[in-house]
Amino acid sequence: QKCLYKCKETPVGPLCICPPGERLNDTRTCVDIDECEQIGTCSHKCFNEKANQDGSVGFKCECEPGYQLENRTYCKALNRTLAYMVISNRRSILIANITNVSLERIPVRVENVVATASEMSTGIIYWYDMHAKKIYRVKKGTTEPEIIIDSGLDLVEGLAIDWIGKNLYWVDSRLKTIEVSTMDGKNHIVLLSQNISQPRGICLDPREDARILFWSDWGENPRIERMGIDGSE
């Protein structure tokens, strides 16, 4: 059978080859390579396209609102602020500048902190104190923390922020629940309390076309699970 594109002679016999941007589907036919299947092809959105004969432009990248495309694949924020990471070592809360690897201590008194989260747009840092059994928040650069949840908590080991819907999520490993409230602690509800053993880590993808919550469970059957951020399957 003939090759659909080109045939190349090799020491072991004829070999079908494909044009740039395509690959062999069997021994003679070619199919388009989906570059979007490769993790990291685009920063945000990736759309597969048929490549030119020189193998260029086999995909198209697009960015979420508030970002601009650079170098065809990289999305850069329009209103940029320096990124930072919040770290807890139980007895203190630290801010790490990821550019120059410097550490700054948040000047608040804590007893036993494990779970932290931050809302980058406002500079507000959230944490759960295992000794006080309360969730607090403080604005970066200030010294007066605010209690936002002061009851109904036992062992919160993970916090996550929905920066679009302006909600705060957490997992409680002793109560075996996933819970949510508004950023000020109001409208507190339990999202999940069934078929959950020992939840630990939690993260969100609150974009409109995703709206997914992920969590890890390190009980007798360790696993990573997901559901809608509204508690749906």
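Full extension of the chain segment joining N89 with V12 gains 21.5 nm, where the gain is 0.36 nm per residue of separation less the Cα-Cα distance.
Scanning residues 5 or more positions from M130 or on other chains, those with amide H under 5 Å from its amide H are N112, V113, V114, with H placed 1.01 Å from N in the peptide plane. Once backbone amide H atoms are built at 1.01 Å from N, T177 has D172 as its partners under 5 Å, excluding neighbours fewer than 5 places away on the same chain. Residues in the range 168-183 carry Karplus couplings, in order, of 10, 10, 8, 10, 10, 6, 7, 6, 6, 9, 10, 10, 8, 8, 6, 4 Hz; the curve used is 6.51 cos²θ - 1.76 cosθ + 1.60 with θ = phi - 60°, and Gly or Pro positions show x. On alpha-carbon atoms, Rg over Rh for the range 106-233 using Kirkwood Rh? Computed over Cα atoms, the ratio is 0.95.
Applying 0.36 nm per residue to the separation of V101 and K2 and subtracting their alpha-carbon distance, the gain on full extension is 29.7 nm.
With the simple spin-label model, which puts each label point 7 Å out from Cα in the Cβ direction, the A77 to D32 separation comes to 3.4 nm. Full extension of the chain segment joining W163 with I212 gains 16.3 nm, where the gain is 0.36 nm per residue of separation less the Cα-Cα distance.
Compactness check for the chain: Cα Rg over 2.2 N^0.38 Å is 1.40. Backbone phi angles across the range 44-50, fed through the Karplus curve with coefficients 6.51, -1.76 and 1.60 (θ = phi - 60°), yield HN-Hα couplings of 10, 9, 10, 10, 6, 9, 6 Hz in residue order; Gly and Pro are listed as x. For the chain, the cysteines with no partner cysteine C-beta closer than 4.7 Å are C203. For the range 191-203, 3J(HN,Hα) computed residue by residue from phi via the Karplus equation (6.51, -1.76, 1.60; θ = phi - 60°) reads 7, 8, 9, 10, 6, 9, 9, 9, x, 10, x, 8, 8 Hz, glycine and proline entered as x. Tell me which lysines have Cα within less than 27 Å of K133's Cα, excluding those fewer than 8 residues away on the same chain? Of all the lysines, those that pass the test against K133 - Cα under 27 Å, at least 8 places apart if same chain - are K166, K176, K186.
Roughly how many Å is it from the Cα centre of the range 81-129 to that of the range 1-47, as a whole number? Their Cα centres are 48 Å away from one another.
Every read-out reported here was derived from the displayed coordinates using simple, explicitly stated rules and does not represent laboratory data. On a predicted model such as this, the values are computed, not experimentally measured, just so you know. Because the Cβ atoms are built from the backbone with ideal geometry, glycine has one as well, and the counts that use them run over all protein chains shown.
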